[in-house]
Amino acid sequence: MNLNIEFYASLMKYLPPGKSRFRREVKVDDDITLSRLISQFHISEAEAHLVLVNGHFVNCGEDRAQRKLTEGDTVSIWPPVAGG
Amino acid sequence: MSWTRKILRVDLSKGSCKSEPLNMEWAKLYLGQRGLASKYLSEEVDPKCDALGPDNKMIMATGPLTGTMASTGGRYSVITKGPLTGAIACSNSGGFFGAELKYAGWDMIIFEGKSDKPVYLLVQDDKAELRSAEHLWGKTAWATDDSIHATHQDPQMRVACIGRTAENGCLYAAIMNDRHRAAGRSGVGTVMASKNLKAVAVRGTQGIGNVDDAEAFASATNDGKAVLAENAVTGQGLPAYGTQVLMNVINGVGGLPARNMRDVGFEGAEHISAEAMAEPRKSDGKPNLTTNGACFGCTIACGRISTVDPTHFSVKDKPQYQGSSGGLEYEAAWSLGADTGIDDLDAITYVNFLCNEDGMDPISYGATVAAAMEMFEDGVITTKETGGIELRFGDAKAFVALTEQFVSGGAFSADLGMGSKRLTEKYGKPDLSMTVKGQEFPAYDPRGIQGIGLNYATSNRGACHLRGYTIASEVLGIPVKTELNDTDGKAELVKAFQDATALVDSAGLCIFTTFAWGMDNIAPQIDAACEGDWSVENCLETGERIWNMERLFNEAAGFTADDDKLPKRLLEEAIKHGPTKGQVSRLGEMLPKYYEARGWTADGKIPDETRQRLSL
């Protein structure tokens, strides 16, 4: 199935080649979980600090391991960042 | 010295500068900077006074850790009654000015009265004198800084000054120090201008001594620096990407307001983000971001130094703006960008330069322009009012022209200088002002993120993220993640952030340390530097005391629970699309719980038992 991935800030280095700044459409296994997707792109658990699926947070650990992704989902990932 | 135990009192009406001892009884209750200066203001100023009259006072105050080896220990604050809000104002700045003031041997400077003619204060260690600033009046903040340095021929001298917008009566004028650091919010620069005080120039050579327990202090500050270095946010994220990394985060979670908060979610966010700032541009292969920068003693270095593309229309024929200068921070990028609907990174970087050069708060300026844009698009104002400018959302050229017109006092500048509350009231559209207590919102929408709305509504200086940055928890998961759209527990969360922030702002430290530090990292540094008990418990109680004291000032100024509110738009107009679609702020669910958590009455008053508990 096809998913949209968005890797931001220092995680942009894990994006496959492409034109967009931090967005790619990728083909993945149909039954992929969120944690498997993250590890598939070599992002460590510590680096995947903020993870959104379609704009909604998914906590680290079990929630990500259980979370099945579906066709067309957008997964956005940030390392530990802050501002204000 | 932690405290120098000395205050410089400058009577601008009489032209006198006198030294007096710091009230150490108050210092033990209010620590320094924000807390201690607010105590002095509360004792010496009638809260009902005209903020721009001679009866108001303006205090520049350091904290006991300002100028020390503590990481980020370079902060100072300006405390006064604010003209934008009529509430207590406290604007905090970094750079190097605060540490220099401490090196000169002063905990704070209290300015009172009003000078007949423009003056600047020159402080060289113990010596302080007022000098004529008639040659400086009418100059920008940058030109003033340059001129004072040229006069005194001392590159180590630090200057805090106002630009032309303050002189022109803009109610959200800032005090600029070290060229691009600002005591930015609530119009503290306007108060400075009302006193005919153009600048404060300081040179100190006395260094720091008298730390209560030097060995313990070295140990505690070293421990603190190790925590900052090892933490992924303060050790890597902030220095690399700065605060601007939030642009895509907040947009991604459905909390980024756009176009005067008419919308939530900005399609151009990525073009004005930290990631965009780091990208090489086509014209010269250089990125907008030149380097990061640090304030005095800071081991985080989140500051942005930027250049505008020299071929961009905004600076093409203006070589003076083609060099590097203070770049976009997140809040300014939001107000000048998303809130005006403009996604032109170079244009908003240039406008931010102008905000620094002429000393105005970019949050309030951008948000006021956004309100004006909405009124223009609605036909409420026309080119007749704007000096011929078609003031539409998303028009970068119009925004640049408007800002150049504004800083030089041209058409529409008196209207824009009022801030959005007075501006929208003038044109009969008060509901279009996105403010609390008259101060404009920063870059987080209370419909998408519930706790920050409660913080805005109850902030003692009007809408402000930095009074209680619940975004740390609600979005960033620091110290623990709470749900954006939950209201449960947000009253206690807001109170905890507000009280802790009041303490940090009174110490001389930067609030960004709290992305890594808890009070158990901060209290030992204060405790080692200062005499008295500065345990974690006492630090937290001190923060709570300061918050309540500020509230009492506002109460005496005439504020009530009716001022703890949000604009109707945020309570009634639901978010139209994105992950937070359908949401409004549920302030009404949180506010009674907040009053209860604070030990206040149901109508937001501070009862006697709470005053007694906090020694107020």
Among the residues of the stretch A:1-31, which ones are part of a loop (DSSP other than H, G, I, E, B), modelled with pLDDT of 95 or more and hydrophobic (A, V, I, L, M, F, W, C)? A:Met1, A:Leu15, A:Val28
Is one or more of the residues making up the stretch B:506-528 part of a loop (DSSP other than H, G, I, E, B), closer than 25 Å to B:Arg181 by Cα, among the small types (Gly, Ala, Ser) and more than 14 Å from chain A (Cβ to nearest Cβ)? yes
With respect to B:Ala333, is the statement that it is within 14 Å of chain A (Cβ to nearest Cβ), crowded, with 21+ Cβ neighbours inside 10 Å and either within 25 Å of B:Gly138 (Cα to Cα) or not charged (D, E, K, R) (or both) true? yes
Filter pass, A:Val81 being assigned to a strand (DSSP E or B) and either touching a residue at least 12 places away in the same chain (Cβ under 8 Å) or in contact with a Cys (Cβ under 6 Å, 6 or more places away or on another chain) (or both): no
Are any residues in the stretch B:439-463 under 17 Å from B:Tyr330 (Cβ atoms) and out of contact with any helix residue (DSSP H, G or I) (no Cβ under 7 Å at 6 or more places or on another chain), and if so, which ones? B:Asp445, B:Gly448, B:Tyr456
Residue among B:Ala220, B:Ala226 that alone is of a type in the set (Gly, Ala, Ser) and either within 14 Å of another protein chain (Cβ to nearest Cβ) or surrounded by 19 or more Cβ atoms within 10 Å (Cβ to Cβ) (or both): B:Ala220
Go through the stretch B:160-180 and report how many residues are among the aliphatic types (A, V, I, L, M) and in contact with an Asp or Glu (Cβ under 7 Å, 6 or more places away or on another chain). 1
Taking into account only those residues within the stretch A:53-78 that are acidic (Asp, Glu) and in a loop (DSSP other than H, G, I, E, B), which is nearest to the other protein chains (Cβ to nearest Cβ)? A:Asp73
Checked the stretch B:367-417 for anything within 24 Å of B:Val436 (Cα to Cα) and more than 23 Å from the chain's Cα centre (by Cα); matches are B:Met373, B:Glu374, B:Met375, B:Phe376, B:Glu377, B:Asp378, B:Val380, B:Ile381, B:Phe393, B:Phe412
Within the stretch B:52-75, which residues are in a strand (DSSP E or B) and in contact (Cβ under 8 Å) with a residue 60 or more places away in the chain? B:Met58, B:Met60, B:Thr62
Looking only at the stretch B:261-280, and only at residues there that are in contact with a Phe, Trp or Tyr (Cβ under 8 Å, 6 or more places away or on another chain) and assigned to a loop (DSSP other than H, G, I, E, B), the one that is nearest to the other protein chains (Cβ to nearest Cβ): B:Ala278
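Take the residues in the stretch B:286-322 that are in a strand (DSSP E or B) and within 14 Å of chain A (Cβ to nearest Cβ), then tell me which one is surrounded by the most Cβ atoms within 10 Å (Cβ to Cβ).
Per the criteria, the residue is B:Arg304.
The values are calculated or read from the model by the stated rules, or taken from the named source; none is laboratory data. Given the structure is predicted, the values throughout are model-derived calculations rather than measurements. Positions of Cβ are backbone-derived with ideal geometry, glycine not excepted, and every protein chain shown enters the neighbour counts.
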